[in-house]
Amino acid sequence: AALLLKLLPVMDDLERAMGSVTPEVAASAWYNGFKLIPQKLAAIIESEGVAPISAVGEQFDPNLHEAVIYEDAEGQEGKVIADLQRGYKLREKVLRPTMVKVGKA
């Protein structure tokens, strides 16, 4: 569990990097190879029993989610309206809670 927990920030960084790629870079051949790295890392982590915690649209659960922002959201009171950092479970145990934005009236 300790090693898996140390790998999660690497996954976060790779996801952020992938999310900020420009269209020109996305069209390059090297980027197509680079995309395999986070996919392979995710496959390894999943094979060890780690699964992401679903958050957006779910009712806020302090056992699974860590609320860092509360924002006015009509009709979304007490629900997760944004996932700020993905959380993970190791089998049934929370490895890292999901950092979320929660709606309030």
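The values are calculated or read from the model by the stated rules, or taken from the named source; none is laboratory data. This one's a predicted model, so the numbers in the text were calculated from it and none came from an experiment. A quick note on method: Cβ atoms are made from the backbone with ideal geometry, for glycine too, and the neighbour counts reach across all protein chains shown. With ligands, DNA and RNA removed, areas are computed over all heavy atoms of the protein, side chains included. Shrake-Rupley method; radii C 1.70, N 1.55, O 1.52, S 1.80 Å.
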| Would you say Gln39 is modelled with pLDDT of 90 or more and within 30 Å of Ala105 (Cα to Cα)? | no
Flagged in the stretch 48-101 as open to solvent by 80 Å² or more (accessible area, probe 1.4 Å), under 19 Å from Asp13 (Cα atoms) and among the charged types (D, E, K, R), in numbering order, are Arg86
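Of the residues in the stretch 12-38, how many are without any contact (Cβ under 8 Å) to a residue 60 or more places away in the chain and under 14 Å from the mean Cα position of the chain (by Cα)? If you could, list the steps in order and put the result at the bottom.
At the first step, the residues of the stretch 12-38 found to be without any contact (Cβ under 8 Å) to a residue 60 or more places away in the chain are 13-14, 16-38.
The next check asks that each one be under 14 Å from the mean Cα position of the chain (by Cα); those that pass are 13-14, 16-19, 38.
Going through the stretch 12-38 one residue at a time, the tally reaches 7.
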Flagged in the stretch 20-42 as open to solvent by less than 70 Å² (accessible area, probe 1.4 Å) and in a helix (DSSP H, G or I), in numbering order, are Val25, Ala26, Tyr31, Gly33, Phe34, Pro38, Leu41, Ala42
Looking across the stretch 64-105 at residues that are part of a loop (DSSP other than H, G, I, E, B) and touching a His at 6+ places or on another chain (Cβ under 8 Å), the single one that is nearest to Ala42 (Cα to Cα) is Gly87
